[in-house]
Amino acid sequence: MADPDAIAKAFVGHYYSMFDTNRAALAGMFQPTSMMSFEGDKFQGPDQIVGKLMKLQFQQCLHTTTLIDAQPTVNNGVLVFCTGHIQTEGQERPLMFSEVFTLMPTPEGSFYVYNNIFRLNLG
């Protein structure tokens, strides 16, 4: 298997770049079996997941990651844990967040998001 750390770093950079500039394009990173928990609310499949992300209260944001950890999983997947800050329009200070992804390989040699859990770190 390729280096999980390299896969995680490349994925996180690509994911947050797309999130910050073209959220609708994230649909291609999910499949019908993909699941997301966003602040405790659960969604499945590209339509529900991206639908939730498109309905967030902010249109413009910038993610900055501070930590990315990765481990290999079964079936050549990669578990990714990252923390960082998200700055949205009209927000005085960035908010801290944590996010977990399980990436699974595709027959074409790339990865899709099988699991995604997002939480703001408030308090």
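A short reminder: the numbers here are calculations on the coordinates, not readings from a lab. All figures in this text were calculated on a predicted structure; none of them were measured in a lab. Every residue, glycine as well, gets a Cβ built from its backbone with ideal geometry; the counts of neighbours run over all protein chains shown.
A few comments on the model shown:
- Annotation: for a label point projected 7 angstrom from Cα along Cα→Cβ of Leu62, residues of the stretch 78-94 with backbone N closer than 16 Å are 84-94.
- Positive end of the dipole of the stretch 4-120 (Cβ unit charges, origin at the Cα centre): among Leu95, Leu79, Met36, the Cα lying farthest that way belongs to Met36.
- Only Lys, Arg (+1) and Asp, Glu (-1) charged, at Cβ; the chain dipole about Cα centre in debye: 200 debye
- Loop-located trypsin sites (Lys or Arg not before Pro) in the stretch 34-75, at most 13 other Cβ atoms within 10 Å (DSSP): Lys55
- Sequence-distant aspartates and glutamates (8 or more away, or on other chains) whose Cα lies within less than 20 Å of Lys42: Glu99
- Length-normalised contact order of the chain in % [C-alpha pairs under 8 Å, at least 6 apart]: 24 percent
- Neighbour-limited loop hits for chymotrypsin sites (Phe, Trp or Tyr not before Pro), the stretch 1-92 (at most 12 other Cβ within 10 Å; DSSP other than H, G, I, E, B): Phe58
- Nearest 10 degrees, 0 to 90: helix 4-21 Cα axis against the chain principal axis: 40 degrees
- Euclidean distance of C-alpha centroids, the stretch 103-123 and the stretch 1-64, integer Å: 7 Å
- Ranking of Arg93, Arg119 by count of other Cβ atoms within 10 Å, fewest first: Arg93, Arg119
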